[in-house]
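Engineer: Mind having a look at this structure? Questions to follow.
The values are calculated or read from the model by the stated rules, or taken from the named source; none is laboratory data. All values reported here derive from a predicted model rather than from experimental measurement. All Cβ positions, even for glycine, are placed from backbone atoms using ideal geometry, and neighbour counts span all protein chains on display. Heavy atoms of the whole protein, side chains included, go into the accessibility calculation; ligands, DNA and RNA do not. Shrake-Rupley method; radii C 1.70, N 1.55, O 1.52, S 1.80 Å.
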Amino acid sequence: GAVVSQHPSWVICKSGTSVKIECRSLDFQATTMFWYRQFPKQSLMLMATSNEGSKATYEQGVEKDKFLINHASLTLSTLTVTSAHPEDSSFYICSAGTGTRFSYEQYFGPGTRLTVT
Amino acid sequence: QKEVEQDPGPLSVPEGAIVSLNCTYSNSAFQYFMWYRQYSRKGPELLMYTYSSGNKEDGRFTAQVDKSSKYISLFIRDSQPSDSATYLCAMKNAGGTSYGKLTFGQGTILTVHP
């Protein structure tokens, strides 16, 4: 149980185009979904937190107009990288959280590798 | 100063060795502590989840938390080549609207050679 999927697993796009990444919780309903970014040999950096039906909360320094997050249902969240540039090339990982304040776990997706040429 | 400090390694050990991975933190609000394992180009996988100070054991893995010293550890006994991965510590607050938000350490790259 507690499986999170991401699609696509790897995408290459040209500079200036937009890319959408999907994150799905397959066997549970996620109260919250999180989007992370990871550069090679570095740790995960939280980009934004989203709850179903409400606007995402972005971390300081993350451009909300560039990284559009939509949390359409309790099992699906999408991250759209708009007008992508080579510096946006990175490994994007989502996670889905479930539980209560005192018993809460986060399950991570397998990640999406974005390469912008 | 980062909220969570973790030695990035890399750490290389022979098969069968005991591995010790450590993190220190500065934020007293952190109440929940996790260890994740991440293989190359994969998402992190939860290994251990602890709340109280003390030890928690699961198979070859033991998580240790010392809240008074703000120090957590993960021990791997009888290490195997399949344990070769990056190990990330993560922590979160107990309450507030951001109770799900995790703060990660830098990750330690571990290689177990046969």
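Engineer: Just a yes or no: is a residue in segment A:96-117 away from chain B (no Cβ under 13 Å), under 19 Å from B:R41 (Cβ atoms) and surrounded by 13 or more Cβ atoms within 10 Å (Cβ to Cβ)?
Structural biologist: The answer is yes, given that some residue of segment A:96-117 is away from chain B (no Cβ under 13 Å), under 19 Å from B:R41 (Cβ atoms) and surrounded by 13 or more Cβ atoms within 10 Å (Cβ to Cβ).
Engineer: Which of the residues that make up segment B:30-51 are among the basic types (K, R) and either in contact with a strand residue (DSSP E or B) (Cβ under 8 Å, 6 or more places away or on another chain) or away from every other protein chain (no Cβ under 14 Å) (or both)?
Structural biologist: Hits for segment B:30-51 are B:R37, B:R41.
Engineer: Can you spot a residue in segment A:67-90 that is part of a strand (DSSP E or B), out of contact with any Gly (no Cβ under 9 Å at 6 or more places or on another chain) and within 10 Å of chain B (Cβ to nearest Cβ)? Working first, answer last.
Structural biologist: Within segment A:67-90, the subset part of a strand (DSSP E or B) is A:67-73, A:76-81, A:90.
Now narrow it down to the ones that are out of contact with any Gly (no Cβ under 9 Å at 6 or more places or on another chain): A:67-70, A:76-81, A:90.
Now restrict to residues that are within 10 Å of chain B (Cβ to nearest Cβ): none.
No, segment A:67-90 contains no residue that is part of a strand (DSSP E or B), out of contact with any Gly (no Cβ under 9 Å at 6 or more places or on another chain) and within 10 Å of chain B (Cβ to nearest Cβ).
Engineer: Looking at the structure I just gave you, is A:I93 within 10 Å of the chain's Cα centre (by Cα) and within 12 Å of chain B (Cβ to nearest Cβ)? Break it down into steps so the answer makes sense when it comes.
Structural biologist: Details: within 10 Å of the chain's Cα centre (by Cα): yes; within 12 Å of chain B (Cβ to nearest Cβ): yes.
So A:I93 fits the description; yes.
Engineer: Identify, please: which residue in segment B:60-70 is open to solvent by 60 Å² or more (accessible area, probe 1.4 Å) and more than 28 Å from B:H113 (Cβ to Cβ) and is, among those, nearest to the chain's Cα centre (by Cα)? Break it down into steps so the answer makes sense when it comes.
Structural biologist: First, the residues of segment B:60-70 that are open to solvent by 60 Å² or more (accessible area, probe 1.4 Å): B:60, B:64, B:68-69.
Remaining after also requiring more than 28 Å from B:H113 (Cβ to Cβ): B:68-69.
Values: B:S68: 18, B:S69: 16 Å.
Top of the filtered list is B:S69.
Engineer: Then there's this: Output the number of the condition that B:S73 fails; it satisfies all remaining conditions of (1) open to solvent by less than 10 Å² (accessible area, probe 1.4 Å); (2) modelled with pLDDT of 95 or more; (3) within 12 Å of another protein chain (Cβ to nearest Cβ).
Structural biologist: Result: B:S73 fails condition (3) only.
Engineer: Any idea how many residues of segment B:1-59 are open to solvent by 50 Å² or more (accessible area, probe 1.4 Å) and either in contact with a Gly (Cβ under 6 Å, 6 or more places away or on another chain) or of a type in the set (D, E) (or both)?
Structural biologist: Counting residues in segment B:1-59 that are open to solvent by 50 Å² or more (accessible area, probe 1.4 Å) and either in contact with a Gly (Cβ under 6 Å, 6 or more places away or on another chain) or of a type in the set (D, E) (or both) gives 7.
Engineer: Report, by residue number, each residue of segment A:23-75 that is closer than 17 Å to A:V3 by Cβ, within 12 Å of the chain's Cα centre (by Cα) and of a type in the set (A, V, I, L, M).
Structural biologist: Selection gives A:M33 alone.
Engineer: Could you please find all residues in segment B:12-29 being part of a strand (DSSP E or B) and away from chain A (no Cβ under 14 Å)?
Structural biologist: Initial filter on segment B:12-29 (part of a strand (DSSP E or B)): B:12-14, B:19-25.
Residues satisfying the conditions are B:S12, B:V13, B:P14, B:V19, B:S20, B:N22, B:T24.
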